[in-house]
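Below you'll find the structure, written out as structure tokens, and then a few comments.
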Amino acid sequence: MNIGEVASVSGLSTRMIRYYERIDLIPQSQRTPSGYRVYCERDVHILPFIHHARDLGMPIERIRALLALWWERNRPDDEVQAIALSNIDALNARITTLQIMREALSYLAEHCDDTEQPPGPALNDLPPTISPKGEHHDA
């Protein structure tokens, strides 16, 4: 398949496919005599996994580790599980931060009276939030 066909099947742009190839997340594609990239069936299966993993917020290095374990047919399942659990922890932290941000914005929307005064005083009344690193601060 050429890169356009693979992009269509995988849901990724040709630019992202080239990027993943450049950073060795996927193997280098074969080339036709005229220099066009040609991908095999294996690539068509790997790219949607990468796309889905990125949509789930998984960092490139974690995806790289999972792919390395996938290539190794005698892969230890406990390593795959450790990577998955680590990503779950990171997602839970992000969920908590996003919920706090939503609550703060909801509070702002409910307590902001734009007819009488600028939004400054309402911003001062926002409840404390937690930064993505878990540090407490006033919003």
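Regarding the stretch 41-58, can at least one residue be identified that is at pLDDT 85 or above, out of contact with any strand residue (DSSP E or B) (no Cβ under 7 Å at 6 or more places or on another chain) and outside any helix (DSSP H, G or I)?
No.
Please specify each residue of the stretch 95-115 satisfying the condition of being surrounded by 12 or more Cβ atoms within 10 Å (Cβ to Cβ) and assigned to a helix (DSSP H, G or I). Quick ask: steps written out before the conclusion?
Keep residues of the stretch 95-115 that are surrounded by 12 or more Cβ atoms within 10 Å (Cβ to Cβ), which gives 96-97, 100-101, 103-105, 107-108, 111-112.
The answer is Thr96, Thr97, Ile100, Met101, Glu103, Ala104, Leu105, Tyr107, Leu108, His111.
Looking only at the stretch 44-76, count how many residues are surrounded by 13 or more Cβ atoms within 10 Å (Cβ to Cβ) and of a type in the set (D, E, K, R).
Looking only at that region, the number is 4.
Could you please find all residues in the stretch 59-83 being assigned to a helix (DSSP H, G or I) and under 26 Å from Ser8 (Cα atoms)?
Within the stretch 59-83, Ile60, Glu61, Arg62, Ile63, Arg64, Ala65, Leu66, Leu67, Ala68, Trp70, Trp71 meet the criteria.
Filter the stretch 63-102 for residues that are under 22 Å from Asp24 (Cβ atoms), charged (D, E, K, R) and modelled with pLDDT of 85 or more and give the result.
Of everything in the stretch 63-102, just one residue is under 22 Å from Asp24 (Cβ atoms), charged (D, E, K, R) and modelled with pLDDT of 85 or more, namely Arg64.
The values are calculated or read from the model by the stated rules, or taken from the named source; none is laboratory data. In this text the structure is predicted, and so the values were computed from the model without any measurement. As a convention, Cβ positions derive from the backbone with ideal geometry for all residues, glycine included, and neighbour counts pool all protein chains shown.
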